[in-house]
Amino acid sequence: MTVAVVILLDGVLYAAVLFLVAAGLTLVYGVMRILNIAHGSLYALGAYAGTSLVLVYLKTGGPAPLMYLALLAGAVVAGAIAGPLVERLLLRPIYGREEVVQLLVTYSLFLILEDVMKLLWGVDPYYVAKPYAFLGTVTIAGVRYAWYQLLLIAVALATGVLVSLAIRGTRLGRMIVAVTADREISATLGINVGRVYTLAFTAGAILAGLGGALVAPLISVAPGISVEAIVLAFAVVVIGGLGSLEGAALGALIVGITRAAAVQLFPEIELATVYLIMVAVLLFRPRGLFGEWETRRI
Amino acid sequence: MRGGKALPLVAAAVFGAAPLVLPGWVTFLLTLAVAKSVMVLAIALLLRGGLVSFGHGMFFAAGAYTVGMAMKWGGMREAVVLTFLGVLAAAAAAALLGLLIARYRGIFFAMLNMAISMVVYAVLLKLYWVTGGTDGIGIRTPTILGVMPERESLRLVMYYFTLVMTLPAFYAVHRFWTSPLGFALRAVRDNEVRVEYMGTSVARVIYAAYVLSGALGGLAGILTGFSVGHIVPDLAYWTTSGEFVFVAVLGGPASIPGPLVGSIAFEFLKSYAYKYAAFTWQMTLGVTMLAIILFMPGGLWTIYEGLARQGRQWRLSWKRTG
C-alpha cells in the first residue's frame, strides 16, 4: 500500500516537471518542425538562474515567501533572454534546410550551452533547499511529503491548463495553431510567421526554464542535468506524439509513473524501463499516442 | 576521380613509414586517431544517407567491452580472435537494434540512438560487479597471432596492428559505397519515396548501412581499447558520440579519406586544447561545428579537393602552352 502511494505520488511529481519541459519541446517542434536538442540546456539554464536568484534574494534578507517569486523570475528571465537570441541568430538561417543540418546545429548549440553554463556557474553542484524546507511536510497515507512537492504539481497543472487555454483562446494562440498547420498559407493570410516563430520558441524556452527552476530545490543543480532532461523529455514527446500538448501530458504521466515504479522496484534498470515503454509505443503507434500521420511527399 | 588510384598507395606508404621517423608520443596519438577514424567512417557512412546518430558510442562500447569481458572473464589474450569476437558482437547488437531504429529517419533516428546509448551507459555503470562500474576494465597487452609483443616495441606493434585492422574497414566502406546498395543510400538522402518507386527497399538499405556502421563502431572501440589499455562506461556516454559526429563533420563525410584526415586533425588538436581549454572544450567543438556546417559543408577534405582541382587546371594550362 505504502509503496503504491509512493509510486503514484513520486510518479506524478516526476511527471509534473517532465510535462513542463516536454510541453516546451513539443510546442517548438509543432511550430517550427525543429527538434531542439539544446532544450535540455534551456532547462538547466532555468535551474541555474532560478537557484542563483533565490540565493541572491535570501542574502538580502527579504520576506521568505517572496523567494518563490525569485525562483520563477529567474526561469522566466533566462528563457526570455536565451529564447529570442537563439531563434533569431541560430535557427533562422536554417529553416527549410535538411533535417540532419538542423539537428547538427541544435546539437552544436547544446555543446556550446553546456560550457557557457560551466563558465557562468562552475562545475560544483548548487543546492538551495530553503524553498523546499520552508513549507514543511504533510503525511499522506503514512508517507511524509513536502508541501513544496505538492505545490510543484499544482503549478505544473496550472501551467498546462493556462498554455492550452492560451493556445485555444487568444489571438496569438490561434496564430500559433495556424502556423503549425500550414506555414505558407498563414503567411499569405497576413500572419507574421517570423514573429510567431520567435514567440513560440521563447515560450518553449520559458517552459523548459520553469521546469528546471521548479525542480531545482529538490535536486543538486550540476552539469549533466541537461542531457538527462532532453533524453527523458524526448521519450515523453515520442510516447505522446511530437507536436501534441495533450500527448506531452499523457507521455509525462506514463514516463513519470514508470520511472517512480522502477526506482522502487528495480532501481538498476530505472532508465531502461522508460525506453522499453517508448519502444513498445513506437512499435504499435510509430507516431506516438496523439501523433498525426504525415503524408509523404514525392 | 582520376588520380584517385594512386592516393590509397601513397597513403599506405606514408602511414607505413610514419612511426619510423616520428617520436613515440606522436605514434601513440596516430594510433588513436587511426583507430577512431573507423568510428568516424561509420558516422560518415550514415551521414551520407542523410542520417545522423548521436549514440554510436554504444557500438564503440559494445566492441570494447566484449573484448574487455572476454579478457577478464574468459581469460583470452589473442588480439586477432578478440577483435573478430568484438566486431561480431557489435554487429549483432546493431543487427538487433537496427530492426527498430532502421525504421526511423531524421530526429527519431538521431534521438533513439542517443537514448539507447544512454541506457547502455547506465547499464555499464550500474552492473559494476561485471563491468567494473566507473573504474572500467583494464585491457592487458594481447598476444598477436600467438606472439607476445616486446615491451619496448609495444607501441610500434600496436600501431601496425591498428593500421592493418583498419585497412579492411576502409576497403569495406569503399566497396559498399560503390555498390548498388551504396548508390541507393545516397538516393535515399535525396528522395526516399522515389527510391521505393524504383523497387528498392529503403528499409533494407538503411538496415544494411546501420549494421555495417555498428560493426565499424565496434572495431574502432576494440582498437582504441587495445591502444589505451583501459575502457570505461564513458565510451557510451553522449559526449563520446558527439565528438565522433563532430569529427565526421570536420573531416568531411562525403569522401573516404575525410574521416581519417578529420580524426588525425582532431586527435592532435585535442591533445593540445584539452590542457588549455578544459572548461571550454565542448564550446570550442560546438562553435567550430557551427562554422563548418554554415560555411564549409564539405569539411576539411574539400580543401584538399579544391587544391587538387587547381593543380589539375594548372597542369592542363601548362600542357596547353607547352
Can you name the number of the only condition in (1) away from every other protein chain (no Cβ under 12 Å); (2) crowded, with 16+ Cβ neighbours inside 10 Å that B:Ile101 fails?
(1)
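Output the residue which, of all residues in segment A:213-239 that are in a helix (DSSP H, G or I) and away from chain B (no Cβ under 14 Å), is nearest to A:Leu42 (Cα to Cα).
Looking only at segment A:213-239, we keep the residues that are in a helix (DSSP H, G or I), and these are A:213-218, A:225-239.
Retained after the next criterion (residues that are away from chain B (no Cβ under 14 Å)): A:213-218.
Values: A:Ala213: 10, A:Leu214: 13, A:Val215: 14, A:Ala216: 13, A:Pro217: 17, A:Leu218: 18 Å.
So the residue we want is A:Ala213.
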Please go through (1) at pLDDT 90 or above; (2) among the β-branched types (Val, Ile, Thr); (3) over 30 Å from B:Gly286 (Cβ atoms) for A:Thr51 and return the number of the only condition it doesn't satisfy.
(3)
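Looking at segment A:107-212, what helices (runs of 4 or more DSSP H) fall wholly within it and have at least 2 residues that are over 27 Å from A:Val6 (Cα atoms) and under 21 Å from the mean Cα position of the chain (by Cα)?
On the way: elements: A:130-134, A:147-169, A:171-181, A:183-188.
Hits in segment A:107-212: A:147-169, A:171-181.
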Looking at A:Thr106, A:Thr137 in this structure, which one is farther than 30 Å from B:Leu46 by Cα and either at pLDDT 90 or above or β-branched (Val, Ile, Thr) (or both)?
A:Thr137
Only one of these conditions is not met by B:Val130: (1) more than 14 Å from chain A (Cβ to nearest Cβ); (2) touching a residue at least 24 places away in the same chain (Cβ under 8 Å); (3) surrounded by fewer than 17 Cβ atoms within 10 Å (Cβ to Cβ). Which number is it?
(1)
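Quick test for you: out of B:Phe108, B:Phe84, pick the one residue that is more than 19 Å from A:Val281 (Cβ to Cβ) and aromatic (Phe, Trp, Tyr). Break it down stepwise before answering.
Working: B:Phe108 fails: more than 19 Å from A:Val281 (Cβ to Cβ).
Testing whether each residue is more than 19 Å from A:Val281 (Cβ to Cβ) and aromatic (Phe, Trp, Tyr) leaves just B:Phe84.
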Residues (more than 9 Å from chain A (Cβ to nearest Cβ) and surrounded by fewer than 13 Cβ atoms within 10 Å (Cβ to Cβ)) located in segment B:271-290:
B:Tyr272, B:Tyr274, B:Lys275, B:Tyr276, B:Ala278
If I filter segment B:178-191 for residues that are surrounded by fewer than 19 Cβ atoms within 10 Å (Cβ to Cβ) and within 15 Å of the chain's Cα centre (by Cα), do I get at least one hit?
no
Conditions (1) polar (S, T, N, Q); (2) over 30 Å from B:Ala18 (Cβ atoms); (3) touching a helix residue (DSSP H, G or I) at 6+ places or on another chain (Cβ under 8 Å); number of the one not met by B:Thr166
(2)
Residues located in segment A:84-124, provided they are closer than 14 Å to A:Ala49 by Cα, more than 7 Å from chain B (Cβ to nearest Cβ) and surrounded by 14 or more Cβ atoms within 10 Å (Cβ to Cβ):
A:Leu113, A:Met117, A:Trp121
Kindly list, by first and then second residue, each pair from a residue in segment A:162-186 that is within 13 Å of A:Leu27 (Cα to Cα) to a residue that is at pLDDT below 85, limited to pairs with Cβ atoms under 8 Å and residues at least 6 apart or on different chains.
A:Thr180/A:Gly243
Looking at the structure I just gave you, is B:Glu196 touching a Leu at 6+ places or on another chain (Cβ under 9 Å) and of a type in the set (Asp, Glu)?
no
Given the criteria more than 16 Å from the chain's Cα centre (by Cα) and aliphatic (A, V, I, L, M), does B:Leu96 qualify?
yes
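With A:Leu55, A:Leu8, A:Leu20, A:Leu72 as the choices, which residue is under 16 Å from the mean Cα position of the chain (by Cα), under 30 Å from A:Ala260 (Cβ atoms), surrounded by fewer than 24 Cβ atoms within 10 Å (Cβ to Cβ) and touching a residue at least 24 places away in the same chain (Cβ under 8 Å)?
Every option except A:Leu72 fails the conditions.
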Pull up segment A:28-45, narrow it to residues that are closer than 27 Å to A:Asn192 by Cβ and under 10 Å from the mean Cα position of the chain (by Cα), then point me to the one that is nearest to the other protein chains (Cβ to nearest Cβ).
A:His39
Just for segment A:259-278: of the residues that are within 21 Å of the chain's Cα centre (by Cα) and either over 25 Å from B:Gly133 (Cβ atoms) or modelled with pLDDT of 80 or more (or both), which one is farthest from the other protein chains (Cβ to nearest Cβ)?
A:Ala260
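The values are calculated or read from the model by the stated rules, or taken from the named source; none is laboratory data. Bear in mind the structure is a predicted one, so any value in this text is a computation, not a measurement. So basically every Cβ, Gly included, is an ideal-geometry build from the backbone, and we count neighbours across all protein chains shown.
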